[in-house]
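Here the structure comes first, spelled out in structure tokens, and everything after it is commentary.
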Amino acid sequence: MTSATPPPSPTPPSTPAPAPAPPVLRLADVSHTYSDGRRRTTVLKGIDQDFERGTFYTVLGPSGSGKTTLLALASGLENPTRGTVSFEGRDLTELGLGRYRNRHAATIFQQYNLLTYMTALQNVTTAMEITGATPPSGGRRAHALRLLDSLGLDRAEATRNVRRLSGGQQQRVAIARALACEVDLLFADEPTGNLDEDTAGGIVEIFRELAHEQGKCVVVVTHSAHLAARSDRVLTLRRGRLTERRADTAGTGAPGTGRPVRSRKTQPTSPRTPPETRPTSPPTSPGTQRPTPPPTPRSSGRG
Amino acid sequence: MNFVKRAGLSLSGRRSRTAALLGVFVVICALLLGGFLLRGAAARQEADAQRAVGVDVTVGRKGLTADLADRLDVPGLVHRYTAELPVRAVPRGFTPLTSGGPGAGGGGRRERGALEVHGVRDLGLLLPFSYGSTRITSGRGIGPGDAGAHVAVIERRLAERNGLAVGDTLRLRSADGRRSAVSRIVGVFRDPTRDPARPMPSHMLPGNLLYVPMATARRLGTGPARVDRAVYRIGSPDRAERLHTEAARVLGGGGLRFTVNDKAYRDQVRPIQRVGAFADLVVHVIALAGALILSLLVTLQVRERRGELGVLLALGEKKWKLLGQHVVEVAAVALPALALAALAGALGGQRVGDAFLDHHGDGDTDSRSSSSSGSGSGSGSGTVAAGAPDAPLAAPTVRVGPADLGRVAGIALGISLVATVVPGIGVLRLHPRSLLLDAA
């Protein structure tokens, strides 16, 4: 008796797995050195780090560790002396730093860097004009007023020259300006340093919502362990090298417990994954009852 | 055009700085405009002076006729000219002057022609008149418009002797008695030459000299119309060479007498030229100084505003728009400054022009003598006529014209552009972070 063996069924051709989308921002072997006459100081040493959409990062580190420099390189304010910074797989030098800053990245500076001859409102609308951000309805002025209001600045304060605002109010204007630009990447250098606890908590919630609901990548340089505890990923910069530690240990404020991040990492979720599939955000802190700024679609035809 | 709007916000937000920049611009524009106005007024007055004063060139040659003299009236080279055709004539109905004593004319022996009649085209160009030794005391002289008219200008002594005045009629007959002419007296002149002490023929007495138009002299002449000399007024000494060439071509080089008299020119035109040259210098110095001052100011401003530039660059603003904003800001200050300077020029320019251009005229008038022919009805020491060297030049007109404004605007905007763009480019070569760090 012979047993018939069924003919081998034709094997369907295997479909290649889709190539993973590049991270929204990648720092590859980035080093940066300052020259001061003959003296050369290397601030960042061979940084390799990917930043994903929908993620809220904090960067911790002692003063002088290069956090602000890292932020400047990532936000396209400066070119690294070695290595590459790329946005969605495109080298920034190829994309153009100005174009990158205009369309994809916004920065909240530690020193606010507001235009001092303008009102708070004008600072925000000017940024929208430059970046070409178009609010869904009501025009730029109305949108800017809403943003400022959401950050605790009423109409009278919004129409006041920024030099007549307190440090905390100026910081909120700087935040509103960055939010108004509607970019993919938001960088902030000590954004809550001059804010009271309630307002700072509200700002952190806004960052979280920008990351988790609008799919933006938010990178915040801070000394605040509390802020770091609210972020998705905590990076530590020490002696020019970047390491990552788990978010659940970030709040301890114990530096040096992270692991080196020489190898590139990717988020468990694809950058293209809808926001609702991303890791859930921590519960909203008590001081964050402020309304979330409405999403601002960018105009398609801006240049 | 958000950078234009930003420029407006910047100007209104920094009022004190804007006012300071406006002040500097007003001063620079006013000085520039003043220089241009002064230069323009000096140029106009120089041109007027060249026409009115000019350089007198006397051309003489054996066989020179009135027709040949006419051919030297080269358009564009000669402003005015006259020939002098001397003839003798006999008075009819009035008595010529006599010197008295033996040998004097008119004492009973009938002279062939007791009067010296000179035919002229333009009396003011004759040397005694242009130098001012001889002056019109009543009426006017003979000008180009009198060609063909029956007019005459007589010496004061002859007029007094016969009770003649402007408006009276003279009857003259040619020396051979064949032709006569009737002329109306239009002017009386005074020749300072005294009557000779010794007896002389009547026609040689200074009081017996009459001036009539060329046509009248030709009619009274008995021989070929040979002119003594012709006087040409040209604009400036450097044109004399051209006239000489022309005279040699028309008259032939042999025996040509060519005399250039530029004393009046030197006395009157040169000071105006000096004012013009001074105005030129003023314009250049102010333009240079203004450029430097504004460059420094704007450069300092650009440096002061590094932080702002850094912020705008960080937002992704285009560099040309940042430069555009600064240019618009400076231009927006320069244009009102120009308007204010124009207003100041319109109000005060005339006074400044008078102060510069009249000053030298007042000082020089006394040092010159003069005379002439064109017009004048004075008495006593006489009046000068149009065209005489010290005839008062028309007051210099200092007016703000579109051309002057255009030049000042061009210079002011040029300075603004250079002063903004050059330091701006230097700053904008930096990365925004460097600018922000510098500004911090």
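So which residues in segment B:299-327 are among the β-branched types (Val, Ile, Thr) and either closer than 16 Å to A:THR126 by Cα or within 7 Å of chain A (Cβ to nearest Cβ) (or both), if there are any at all? Of everything in segment B:299-327, just one residue is among the β-branched types (Val, Ile, Thr) and either closer than 16 Å to A:THR126 by Cα or within 7 Å of chain A (Cβ to nearest Cβ) (or both), namely B:VAL311. Here B:ILE28 fulfils each of the conditions (1) more than 30 Å from A:THR116 (Cα to Cα); (2) within 43 Å of the chain's Cα centre (by Cα); (3) at pLDDT below 85 apart from (1).
For segment B:1-59, the set of residues classified as within 14 Å of chain A (Cβ to nearest Cβ) and among the basic types (Lys, Arg) consists of B:LYS5, B:ARG6, B:ARG14, B:ARG15, B:ARG17, listed by residue number. Residue count for segment B:215-244, restricted to those that are farther than 30 Å from B:ARG266 by Cβ, touching a residue at least 60 places away in the same chain (Cβ under 8 Å) and open to solvent by 30 Å² or more (accessible area, probe 1.4 Å): 6.
Among the residues making up segment A:132-141, those that are among the small types (Gly, Ala, Ser) and open to solvent by less than 30 Å² (accessible area, probe 1.4 Å) are A:GLY132, A:ALA133. Answer yes or no: is there a residue in segment A:53-63 that is among the aliphatic types (A, V, I, L, M) and closer than 27 Å to A:LEU179 by Cα. Within segment A:53-63, one or more residues are among the aliphatic types (A, V, I, L, M) and closer than 27 Å to A:LEU179 by Cα.
Report yes if some residue within segment A:182-200 is assigned to a helix (DSSP H, G or I) and among the aliphatic types (A, V, I, L, M); otherwise report no.
Of segment A:182-200, the ones assigned to a helix (DSSP H, G or I) are A:197-200.
Filter once more, so that each one left must be among the aliphatic types (A, V, I, L, M): A:200.
There is at least one residue in segment A:182-200 that is assigned to a helix (DSSP H, G or I) and among the aliphatic types (A, V, I, L, M).
Annotation: A:GLU94 fulfils all but one of (1) open to solvent by 60 Å² or more (accessible area, probe 1.4 Å); (2) within 13 Å of A:ALA178 (Cα to Cα); the unmet one is (2).
Please specify each residue of segment B:239-279 satisfying the condition of being farther than 23 Å from B:ALA43 by Cα and among the hydroxyl-bearing types (Ser, Thr, Tyr). Listed by number, the residues that qualify are B:THR245, B:THR259.
Quick one: which of A:THR125, A:THR134, A:THR192, A:THR199 is modelled with pLDDT of 90 or more and not aliphatic (A, V, I, L, M)? Only one candidate passes the filter, namely A:THR125.
If you go through segment B:291-324 and pick out every residue that is open to solvent by 60 Å² or more (accessible area, probe 1.4 Å) and assigned to a helix (DSSP H, G or I), you end up with 8.
Considering segment B:41-76, the residues that are assigned to a helix (DSSP H, G or I) and surrounded by 23 or more Cβ atoms within 10 Å (Cβ to Cβ) include one that is modelled with the highest pLDDT, namely B:ALA69.
Between A:TYR117, A:TYR100, A:TYR112, which is over 22 Å from the mean Cα position of the chain (by Cα) and of a type in the set (Phe, Trp, Tyr)?
A:TYR117
Exactly one residue out of B:ARG242, B:ARG305 is outside the structural domain of B:GLY324 (by TED's automatic domain parsing) and at pLDDT 85 or above, and it is B:ARG242.
Apart from one condition, A:ARG39 fits all of (1) basic (Lys, Arg); (2) within 14 Å of another protein chain (Cβ to nearest Cβ); (3) more than 17 Å from A:ARG239 (Cα to Cα); the exception is (2). I'd like to know if segment B:403-410 contains one or more residues that are within 12 Å of chain A (Cβ to nearest Cβ) and either touching a helix residue (DSSP H, G or I) at 6+ places or on another chain (Cβ under 7 Å) or assigned to a helix (DSSP H, G or I) (or both). No, the conditions are met nowhere in segment B:403-410.
Looking across A:ARG141, A:ARG155, A:ARG164, A:ARG208, one residue alone is away from chain B (no Cβ under 11 Å), at pLDDT 90 or above and more than 20 Å from B:LEU9 (Cα to Cα). It is A:ARG208.
For segment A:107-131, a residue qualifies if it is open to solvent by 10 Å² or more (accessible area, probe 1.4 Å), part of a helix (DSSP H, G or I) and either within 7 Å of chain B (Cβ to nearest Cβ) or in contact (Cβ under 8 Å) with a residue 60 or more places away in the chain (or both), and the qualifying residues are A:GLN122, A:GLU129, A:ILE130.
Candidates in segment A:50-60 are the residues that are part of a strand (DSSP E or B) and in contact with a Pro (Cβ under 9 Å, 6 or more places away or on another chain); of these, the one that is farthest from A:LEU185 (Cα to Cα) is A:LEU60. A:THR159 meets the conditions (1) open to solvent by 10 Å² or more (accessible area, probe 1.4 Å); (2) within 23 Å of the chain's Cα centre (by Cα); (3) on the phi < 0 side of the Ramachandran plot; (4) among the hydroxyl-bearing types (Ser, Thr, Tyr) in every case but one. The failed one is (2).
Checking the structure you have, find out if any residue of segment A:110-120 is over 27 Å from A:LEU195 (Cβ atoms), out of contact with any helix residue (DSSP H, G or I) (no Cβ under 6 Å at 6 or more places or on another chain) and not hydroxyl-bearing (Ser, Thr, Tyr). For segment A:110-120, residues over 27 Å from A:LEU195 (Cβ atoms), out of contact with any helix residue (DSSP H, G or I) (no Cβ under 6 Å at 6 or more places or on another chain) and not hydroxyl-bearing (Ser, Thr, Tyr): absent. If the condition is being open to solvent by 20 Å² or more (accessible area, probe 1.4 Å) and in contact with a Pro (Cβ under 6 Å, 6 or more places away or on another chain), then segment A:61-91 contributes A:GLU88, A:GLY89. For segment A:70-106, the candidate set comprises residues that are within 9 Å of another protein chain (Cβ to nearest Cβ), without any contact (Cβ under 8 Å) to a residue 40 or more places away in the chain and part of a helix (DSSP H, G or I); within that set, the residue that is nearest to A:ASP48 (Cα to Cα) is A:ALA72. In segment A:174-191 there is no residue matching the filter, namely being open to solvent by 10 Å² or more (accessible area, probe 1.4 Å) and out of contact with any strand residue (DSSP E or B) (no Cβ under 9 Å at 6 or more places or on another chain). Residues in segment B:429-438 that are of a type in the set (A, V, I, L, M) and surrounded by fewer than 22 Cβ atoms within 10 Å (Cβ to Cβ) were compared, and the one that is farthest from A:LEU92 (Cα to Cα) is B:LEU437. Of all the residues in segment B:27-40, those that are open to solvent by 40 Å² or more (accessible area, probe 1.4 Å) and of a type outside the set (Lys, Arg) number 2. Taking segment B:195-228 as the range and being assigned to a helix (DSSP H, G or I) and among the polar types (S, T, N, Q) as the test, the residues that pass are B:SER202, B:ASN208, B:THR216.
The values are calculated or read from the model by the stated rules, or taken from the named source; none is laboratory data. All values reported here derive from a predicted model rather than from experimental measurement. Cβ sites come from the backbone with ideal geometry, for glycine too, and all protein chains shown count toward neighbours. Side chains included, ligands, DNA and RNA excluded: accessible areas come from the protein's heavy atoms. Shrake-Rupley method; radii C 1.70, N 1.55, O 1.52, S 1.80 Å.
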